[in-house]
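Computed from the coordinates by the stated procedures, all read-outs in this text should not be read as laboratory data. Just so it is clear, the structure is predicted and the values come from calculations on it, not from any experiment. Quick reminder, even Gly has a Cβ in these numbers, built from the backbone with ideal geometry, and neighbours come from all protein chains shown.
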Amino acid sequence: MAHFAKPSEGSWTEHYPELGTGPVSYEDSISPEHFELERKAIFGRTWLNVGRVEQLPRAGSYFTKELGAAGTSIVVVRGPDGTIRCFHNMCRHRGNKLVWNDFPREETSGTCRQFTCKYHGWRYSVEGQLTFVQQESEFFDLDTEDYGLAAIAVDTWEGFIFVNLDPDNTIPVREYLGDLGAGLVGYPFDQMTQVYKYRAEVGANWKLFIDAFAEFYHAPILHAKQATADESRKLSGYGFEALAYELDGPHGMVSSWGGMSPPKDLDMVKPIERVLRSGLFGPWDRPALDGLDQLPPAINPARHRAWGVDSFVFFPNFMVLVWQTGWYLTYHYWPTSYNTHIFEGTLYFVPPKNARERLQQELAAVTFKEYALQDGNTLEATQTMLESRAVSQFPLNDQEILLRQLHKTARGYVEDYQKSFATPVRISAAS
Ligand code: FES
Ligand SMILES: [Fe+2]
C-alpha cells in the first residue's frame, strides 16, 4: 500500500499493473446470473457493516436488518452482559420471522426483554436461548437447548457493527479491513452521534452507485447547477483531479480537495449557505473536539493543505467519507436484484449546541440529498442502456481507478467462489 503522492512516473492506475488500463466490461452489473453468484460469493462471505454501537445503547436494545442479498433477515441485539450478538431473524418452531412490527419486510428497532414469536408464542432471550414453548408437553422429546436462535458472526471496528454470514470465516473484521481500516483507528466516530439518514430504492446495480461516489470526474458536470452559474462555468473548465488514491486488497480510498468550505469567494455559494456558513461540505466551522487536530494516518494521506474529504470504499458495500470540517458520512448499498438496490446515506455530526449549529447540519443534510438525487437519476439512465448490450466495453480514465478495482474485485470473488465448486480432476489409481 502507501502511495501517498502521485507517482512521479505514469499514472495512479499504472501503479497497480494488475488492474490493467484497457476498457472494462459492465456485464457484472447487468447479468442476473452474475448477481446470483455475487449473493453467495460476496454477500454470503464478507464482513458487512449493518450499523453502529450507538444504535444499541442498553441491554435489550436491538435492530433488524434485511439482508436480501445474503438471503436473510437478521436481528442484532445487546445482551445483559453488554455483548452484541446477531441471529437469523427466524423462529425455530416453524420458521416465522421473529422480530417485526406492522410490515414483515420492514426493518425495526427497539428495546425488549425477550423476543416472542407472533405465530405460536415461542420466546427467546436476547442472548438467543429458547426460553418458553407454548404447550411444551405436546412436543416429542423437545430439548429447548437445541432450539436457540441461529447465530451469525458479529464483530465491531471503531464502533461499527459488522456481521459475516460465512460459517467458515476465520478472519476478524479488523484484519479484513486491512491497512486502510487500521489507518482510521482513533478517529472520533463515537463523538459524532447526531445522525441524519436517507434511504432510497435505486433502479441500478449496487456497484453503479459506488462507481458514482468513487470518482470526482463527474462532479463539475453532473452537479454543475449546484454552484452559482458563473462558478459552475469556471469549475467545469478547470477540470478536477483528486489528491491521492490508495488501494489495499479489496478496499480503496480517494482523497480530495475541500474547495468550498469556506469558499474562497463568498459569491461562489448560495445566500443561505453564506448566512448559515454551511453547505454540501458540511458546516464550515470545525467543532472543537479532541481527535480532530491529530488525524489518524489514513486520513489526508498526501498531507495536503487544501484537503477536504476522504472517501473510503470498504468492499463490498460500505463507504466512509471523512470531512476536513469534522463530520463524516456513510454509504451503504444493499442489492435487491441485479438491477435494483437500497441506498442508505447517513450523516454524522457532533451534537449541535445551539439552534444555529442544528440549522448548519440540516442545511448540509438537505444539500447532500440534492446531490445524491442527481447521482441517482443518472444511475437509472446508465443501467437501462447498459442492459441494451449495444456496447459492452467502456474506457475508464485514471480518476476512475477505484471503479476498475471494484469491478475487478467483485468478479474475482465470484471466480474464486466458482472455483471452490469446480469438480476436482479425478486421478484414477493405476491398476
Ligand atoms: S413459528 Fe414461531 S412459534 Fe411457531
Ligand atoms: Fe456525484
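Which whole-number percent is the relative contact order of region 282-353 (Cα, under 8 Å, 6+ apart)? Write down the numbers at each step before the final one.
On the way: 92 pairs, mean separation 16.7, N = 72.
Here the relative contact order equals 23 percent.
Taking R0 as 45 Å, what's the FRET efficiency between GLN134 and GLN418 from their Cβ-Cβ distance, rounded to 0.05? Each step should come with its number before you reach the end.
Details: r = 45 Å, r/R0 = 1.00.
Calculated value: 0.50.
Starting from the amide H of VAL24, placed 1.01 Å from N in the peptide plane, find each other amide H under 5 Å away whose residue is 5 or more places distant or on another chain.
Those qualifying (amide H under 5 Å, at least 5 residues apart or on another chain) are PHE394, LEU396.
Would you calculate the separation in nanometres between label points at GLU380 and GLU106, each defined as 7 Å from the Cα along the Cα-to-beta-carbon direction?
2.2
Over the chain, what is the mean sequence separation of C-alpha contacts under 8 Å (at least six apart), divided by residue count, expressed as relative contact order in percent?
Numbers: 779 pairs, mean separation 89.5, N = 431.
Reported relative contact order: 21 percent.
Rounded to the nearest 0.05, what FRET efficiency do THR170 and VAL53 have when you use their Cβ-Cβ distance and R0 = 25 Å?
Numbers: r = 23 Å, r/R0 = 0.93.
Efficiency, rounded to the nearest 0.05: 0.60.
Counting only the backbone N, which residues of region 285-316 are under 20 Å from the spot 7 Å out from the Cα of LYS353 toward its beta-carbon?
Residues 285-294 qualify, since their backbone N sits under 20 Å from the label point.
With a ≥ b ≥ c the root eigenvalues of the C-alpha gyration tensor of region 361-426, is it rounded (a/c under 1.5), prolate (a/b larger than b/c) or oblate?
Numbers: a/c = 2.68, a/b = 1.99, b/c = 1.35.
Prolate is the answer for region 361-426, as a/c is 1.5 or above and a/b outweighs b/c.
Just checking the chain: which Cys have no other cysteine's beta-carbon under 4.7 Å?
CYS86, CYS112
Calculated from DSSP H runs of 4 or more alone, at -39500 (n - 2.57) each and per residue, what is the 222 nm mean residue ellipticity of the chain, nearest 500?
-6500 deg cm²/dmol
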